[in-house]
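This report refers to the structure that appears directly beneath it.
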Amino acid sequence: MRRVYVSSSGFQNLKTTSEKFGVCKQEMLQKRNAVLVDGVILNGPIMDSKAGEKFVEEACKIIMEDVVQKADDVTEKVCEWQAPEMLKQILDLEMRDTGECHQKILQLCRDVIKYSVKTNHPRFFNQLYAGIDYYSLVARFITEALNPSVYTYEVSPVFLLVEEAVIKKMIEFIGWEEGDGIFNPGGSVSNMYAMNLARYKFCPEIKEKGLSSLPRLVLFASEECHYSMKKAASFLGIGTENVYFIKTDERGKMIPEELEKQVQRTRKEGSAPFLVCATAGTTVLGAFDPLDKIADICEKHGLWLHVDASWGGSALISRKHRRLLHGIHRSNSVAWNPHKMLLAGIQCCALLVKDNSGLLKKCYSAEAAYLFQQDKFYDVSYDTGDKSIQCSRRPDAFKFWLMWKALGTTGLEERVNRALALARYLVEEIKKREGFQLLLEPEYANICFWYIPPSLRKMEDGPEFWQKLHQVAPIIKERMMKKGSMMLGYQPHRGKVNFFRQVVISPQVSREDMDFLLDEIELLAKDL
């Protein structure tokens, strides 16, 4: 390495060097006591803080004007549809050798907002998340600005304490006297954690010895379970063929008697059953498995009971609707996503565990000496990062905590109750309207229905009718997206042709939005 000290009068000798690295002569002359190391001039920060602060200020103004202030404006489009190739041209996605001016970057920010789907819009019904919570949003601004990582108390004291407090409160709502938990990047990851934890509990030696000495492990989940269970089984080396899917009834609930049969079958096969995954709020139909009866079977056979309550867990906040999860206190672990019904902002997902003996840490710890030193000057039990398979981890609990502090439990409860009341209103309106047909009476916020256009209403029920009806929802979806009036999901499911799944979540949604949804479907399909 060559180090050269340069006085202010000697900068002319570095003209060639300065030009090579793109540093103008005037800027060079302003430097004092510069050091040249490996061809790089070291003299103060490389960034212009004042210009950066101005850019942030102007960008925040755009966010306020184009996102936050328009969040509840139904006259705005939900989306500004563009085909992929056209959108590539509009956004100018190429990254170049030289940077672009702030004004151009700010225009890019405006374009990104314009052509993104407005999930905050009152008429965005497409997914199991929607709407905007202002407290959660501010919490995200804070954490993005601070850029913390939640693994040790020394680098993230506030956010570790916040996560501990939120987990403790969520455990209370499940009905456990004690427990443990951790926030994860998605309910799918929480389900994978639970599967691995159940396997570790069943055979702790797997952590060090691996799969080679294990019997054939089998787990059980309903036919309506989230696809993350198959992915987790594949990822963990259990194998998707060793996920036994249990039959469900017409409402999508696991049939306990079928579970009992399958458990006995695995015993006769010489396999080792270790886990049952029940679902509280299935993705499509919004079904809640009978947890008490499933818990009876798990206790009888010594199986770990995990409840995927990623979608339905927020009903625990409501004294009126928590009955949907009756028996959840008998589970060993629960996945619960506050970013769904409670609007905590993506991602906000907790895995909660009944065991409080340090099972999470025993299962996942690697005892990295450069992070988790045991001779620190503070209580190292607050260094909770070794409970996670991640190293860097976002402080996702903070946005839920700040929102909870602002609204209180009663405010969160009101959100759940209102969403389910709006869902009930929509169901009753669907029953009144010609051409709309429910698949089933919902018990949660998932309203599944067909729209039968006038041309099909007098057609005889048969294969041709269902084939034609299958084509209706995709056409309506295309038209609503290109118009930008709303977004509503559709899918085929378990032998049924394409139908709409409407989900009520956002507190910005009104009764008028429910009426608009039905009116708009009729309008978009009037020529079908």
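Structural remarks
- In terms of overall dimensions, the C-alpha atoms belonging to the chain reach 91, 63, 43 Å along their principal axes, ordered largest to smallest.
- Cα gyration tensor, the stretch 243-377 - rounded (a/c under 1.5), prolate or oblate: oblate
- For the stretch 424-488, a/c is not less than 1.5, where a ≥ b ≥ c are the root eigenvalues of the C-alpha gyration tensor, and a/b does not top b/c. That puts it in the oblate class.
- Positive-pole candidate from Val35, Leu360, Pro273, dipole of the chain, charges at beta carbon: Val35
- Here the Debye sum runs over all C-alpha atoms of the stretch 20-151 as equal scatterers in vacuum, and log10 of I(q)/I(0) at q = 0.12 Å⁻¹ comes out as -0.72.
- Qualifying trypsin sites (Lys or Arg not before Pro) for the stretch 236-326 [loop in DSSP, other Cβ within 10 Å: at most 16]: Lys247, Arg251, Arg319, Lys320
- Estimated at the nearest 10 Å², the accessible area of Arg330 is 50 Å² with a 1.4 Å probe.
- Set Lys209/Lys261; Lys201/Lys362; Lys118/Lys340; Lys118/Lys231; Lys88/Lys482 screened for pairs whose C-alpha atoms are more than 21 Å apart: Lys209/Lys261; Lys118/Lys231
- When Asp111, Asp527 are compared by accessible area of protein heavy atoms, the largest-first order is Asp527, Asp111, using a 1.4 Å probe.
- What the phi angles of the stretch 328-343 give under the Karplus curve with 6.51, -1.76 and 1.60, with θ = phi - 60°, is a coupling list of 5, 5, 8, 7, 8, 7, 9, 9, 9, 10, x, 6, 8, 4, 8, 6 Hz, glycine and proline written as x.
- Within straight-line cross-link reach of Lys458, lysines at Cα separation under 17 Å, skipping those fewer than 8 residues along the same chain: Lys468, Lys526
- Computed with every protein chain present, the accessible area of Cys298 is close to 10 Å² [probe 1.4 Å].
- The solvent-accessible area of Leu343, taken with every protein chain present and a 1.4 Å probe, is close to 10 Å².
- In order along the stretch 213-228, the Karplus-derived 3J(HN,Hα) couplings, from 6.51 cos²θ - 1.76 cosθ + 1.60 at θ = phi - 60°, round to 9, 8, x, 6, 8, 10, 10, 10, 8, 6, 4, 9, 5, 5, 5, 5 Hz, and Gly and Pro are given as x.
- Cα pair distances exceeding 16 angstrom across the stretch 167-236, given as percent: 59
- Counted over the stretch 183-286 with a bin width of 5 Å, the fraction of Cα pairs per bin, in whole percents, is 2, 12, 23, 24, 20, 12, 5, 2, 0.
- The GluC sites (Glu not before Pro) of the stretch 253-286 include none that DSSP puts in a loop with a beta carbon having at most 13 other beta carbons within 10 Å.
- For the chain, the mean residue ellipticity at 222 nm estimated from helices alone is -12500 deg cm²/dmol, where every DSSP H run of n ≥ 4 contributes -39500 (n - 2.57) and the total is divided by all residues, rounded to the nearest 500.
- Residues Val166, Val284, sorted by accessible area with the largest first, give Val284, Val166 [1.4 Å probe; ligands and nucleic acids excluded].
- Against the empirical 2.2 N^0.38 Å (N residues), the stretch 117-192 has a Cα radius of gyration ratio of 1.35.
The values are calculated or read from the model by the stated rules, or taken from the named source; none is laboratory data. A quick note: this is a predicted structure, and the numbers were derived from the prediction, not measured. Cβ sites come from the backbone with ideal geometry, for glycine too, and all protein chains shown count toward neighbours. Heavy atoms of the whole protein, side chains included, go into the accessibility calculation; ligands, DNA and RNA do not. Shrake-Rupley method; radii C 1.70, N 1.55, O 1.52, S 1.80 Å.
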